[in-house]
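Engineer: Here it is, the structure in full.
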Amino acid sequence: MRVFVCEFVTGGGLAGAALPASLVAEAALMRDAMRADLAAAPEVGAVLLAADARLPLPGARLIEAADDPWAVWADLARQADVVWPVAPETGGLLGRLVRQLRDAAEGVGARVVAATSQAIEITASKLETARCLSAAGLPHIPTFPLAAAPHWPGPRVTKPDDGAGCEDTRLWPAGAPLPAAQADGRLVAQPFVDGIPASLTVLTRAGRTRVLTVNRQHIRVDEGRITLAGLTVGALQDTDGRLSRLAAAVAAAIDGLDGLFGIDILLTPDGPVVVEVNPRLTTAYAGLGRALGLNPARLALGLDETQPGPARPVEIALP
C-alpha cells in the first residue's frame, strides 16, 4: 500500500509566500507523526510526500516557488492507493484540497481519507457549525456575524468565521467596543463562556464514532490575543460517557465527518459545550500514538479495529 500524506503548509501550499514559523512548526508536528506511524505500519509499503523546497525532506517531491503545488499533489495522488490530506479550513483550502485530490484519486481507484465536501463546508464556517448544532439541540457557543452581534453584558470573543485554530482570535472585556465589521463579513462574535478548554480526538468509521482521547488545551491570552500554547493529549477521562455521547451526536448532526477529526469543547459546570468542529486531523495527533500505546494511523486507515484503553497524558508544547 502506497500512502500519500498531503500536508498543505509544509507540502508546498505556501510556495512563493512567507512561511510563518509557528504555523510551520505545528504543521510539521502533525506531518512527522503521520510519517512515523505510517512507516511503522506493516501494511504500508511507501509513504509519498511533497515538501516546500525551503523545508526539504528526504525522498519528498520538492516544490519550488514557480511550481504549481496543486498539479504536483494531483500527480502524487494518482500514484497512491490511499491519500491522507491535512490543510487549514481558512479560505476554503481544506475543501478545495479534498475535492481536487478526490478527482485525481478517482481515476486510479485510490481512497481519500477525509470528510465529505458537505461536512467540510459546514464545519469550515463557525456560523454554519453553530446553526447545525443548534438545529440538533446540542450545546454550543452562540455565534453571530460581527455586524449582527447582540449586546452581551460580559466579555466577548471575535474570530474569523473560517479561521483554523486560534487564528486572529481575540478576547474583549465587558463594555469594550468590538472592532468595526469588515466589508467581507469574515469576523464572527461570541459571548465568552467560562470553562476548561479541551478537545476531543474522534474517530468515525463505518458509521461508528469513538472518542480516542480527551485533551486539555493550554490557552494563552496576551493583550486580548488568544493563542494555543500547547496541549496535554489524553489528560482527561470520559468517566461517565458524556463526551462520547456528545461526539456521536455531533457526528450524527454533521453528516459526512469521517476518519480522525477534532471537536473543541469547554467543560463547564453545566456540562460540555462545543466551541467548533475540525473536520480533519488536529495537532493532538502528534501525541496520539504515545497516549494510546498503539498506532493511530492503522486505526484511521481501517487496518486495526482495536478498542484503545485509557490514555496516558502526553504533553505537546507549541511555539
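The values are calculated or read from the model by the stated rules, or taken from the named source; none is laboratory data. Please read all numbers here as calculations on a predicted model, not as lab measurements. Methodologically, a virtual Cβ is constructed for each residue, glycine included, from the backbone with ideal geometry; neighbour enumeration extends over all protein chains shown. Ligands, DNA and RNA are stripped out before the accessible areas are found, and what is left, the full protein with its side chains, is counted by its heavy atoms. Shrake-Rupley method; radii C 1.70, N 1.55, O 1.52, S 1.80 Å.
Engineer: Can you sort M1, M34 by 1.4 Å-probe accessible area, starting with the largest?
Structural biologist: So the residues, ranked largest to smallest area, are M1, M34.
Engineer: Let me ask something additional. Can you compute the charge dipole magnitude of the chain about its Cα centre, using +1 on each Lys and Arg Cβ and -1 on each Asp and Glu Cβ, nothing else charged? Give it in debye, rounded to the nearest 20.
Structural biologist: Around 400 debye, computed over the chain.
Engineer: Using a probe of 1.4 angstrom, how much of the accessible area of the chain is carbon and sulfur, in percent?
Structural biologist: Taking all protein chains in place, the chain shows 54 percent carbon and sulfur surface.
Engineer: Okay, moving on. Per residue, how much accessible area does region 90-154 show when a 1.4 Å probe rolls over the protein heavy atoms, in square angstrom?
Structural biologist: Accessible area per residue, region 90-154: 49 Å².
Engineer: Further question: What is the spin-label model distance, in nm, from S117 to E305 if the labels are put 7 Å beyond Cα along the C-beta direction?
Structural biologist: Roughly 3.2 nm, to one decimal.
Engineer: Extension gain R78-D194, at 0.36 nm per residue separation less the Cα-Cα distance, in nm?
Structural biologist: Taking 0.36 nm per residue and subtracting the Cα distance, the gain is 37.0 nm.
Engineer: Using the beta-carbon distance between D222 and A18 and R0 = 22 Å, what value does 1/(1 + (r/R0)^6) give for FRET efficiency, to the nearest 0.05?
Structural biologist: The formula returns an efficiency of 0.50 here.
Engineer: Now for a different question. What are the residues whose amide H is under 5 Å from the amide H of I219, where those residues sit 5 or more places off or on another chain and H is modelled from the backbone?
Structural biologist: Amide H neighbours of I219: A229.
Engineer: Sticking with this structure for a sec: Under 19 Å from a point 7 Å along the Cα-to-Cβ line of E43: which residues of region 3-32 have their amide N that close?
Structural biologist: Residues 3-6 qualify, since their backbone N sits under 19 Å from the label point.
Engineer: Next up: Run the quick spin-label model on A229 and E167: label points 7 Å from Cα toward the beta carbon, then report their separation in nm to one decimal.
Structural biologist: 2.4
Engineer: Still on this structure, I have one more. ³J(HN,Hα) across region 286-301 via Karplus (A = 6.51, B = -1.76, C = 1.60, θ = phi - 60°), whole Hz, x for Gly/Pro?
Structural biologist: Running phi through 6.51 cos²θ - 1.76 cosθ + 1.60 with θ = phi - 60° gives 4, x, 5, x, 5, 5, 8, x, 8, 8, x, 5, 5, 5, 5, 8 Hz.
Engineer: Which order do W73, W152 take when ranked by solvent-accessible area (1.4 Å probe, heavy atoms of all protein chains), largest first?
Structural biologist: Greatest to least solvent exposure: W152, W73.
Engineer: Can you pull the one-decimal nm distance between simple spin-label points at R54 and L178, each 7 Å off the Cα toward Cβ?
Structural biologist: A separation of 3.5 nm, rounded to one decimal place.
Engineer: Now for a separate question. Could you give me the ³J(HN,Hα) list for region 43-52, computed from phi with Karplus coefficients 6.51, -1.76, 1.60 and θ = phi - 60°, whole Hz, x at Gly and Pro?
Structural biologist: Those phi angles translate into 6, 9, x, 7, 10, 8, 9, 10, 9, 3 Hz.
Engineer: Let me ask something else. On a 0 to 90 degree scale, rounded to 10, what angle separates helix 126-135 from the longest Cα axis of the chain?
Structural biologist: That helix lies at roughly 70 degrees to the long axis.
Engineer: Can you tell me how much longer the chain between D32 and A66 gets when fully stretched, taken as 0.36 nm per residue apart minus their C-alpha distance, in nm with one decimal?
Structural biologist: Extra length from D32 to A66 when fully extended: 9.7 nm.
Engineer: With a 1.4 Å probe and all protein chains kept in place, how much accessible area does V108 have, in Å² rounded to the nearest 10?
Structural biologist: Number for this one is 80 Å².
Engineer: Also, I was wondering about something else. What do you reckon, how do R54, R35, R245 stack up by accessible area (1.4 Å probe), largest on top?
Structural biologist: R245, R54, R35
Engineer: With every protein chain left in place and a probe of 1.4 Å, what is the accessible surface of S117, to the nearest 10 Å²?
Structural biologist: Per-residue accessible area (S117): approximately 50 Å².
Engineer: Over the chain, what is the mean sequence separation of C-alpha contacts under 8 Å (at least six apart), divided by residue count, expressed as relative contact order in percent?
Structural biologist: Value for the chain: 17 percent.
Engineer: For I141, what residues show an amide H to amide H distance below 5 Å, using hydrogens built from the backbone and excluding near sequence neighbours?
Structural biologist: V274
Engineer: Once fully extended, how much extra length lies between D240 and A317, figured as 0.36 nm per residue of separation less the alpha-carbon to alpha-carbon distance?
Structural biologist: Here the segment from D240 to A317 would lengthen by 24.8 nm.
Engineer: Between the helical axis of 93-106 and the dominant principal axis of the chain, each derived from Cα atoms, what acute angle in degrees is found, rounded to the nearest 10?
Structural biologist: Here the helix axis deviates by roughly 30 degrees.
Engineer: Give the span of region 144-241's Cα atoms along each principal axis, as three whole-Å numbers ordered largest to smallest.
Structural biologist: Taking max minus min along each principal axis of the Cα atoms, region 144-241 gives 43, 29, 23 Å.
Engineer: Springs between alpha-carbon pairs under 10 angstrom, Gaussian network model over the chain: which of A41, A65, A21 fluctuates most?
Structural biologist: Maximum among the listed residues: A21.
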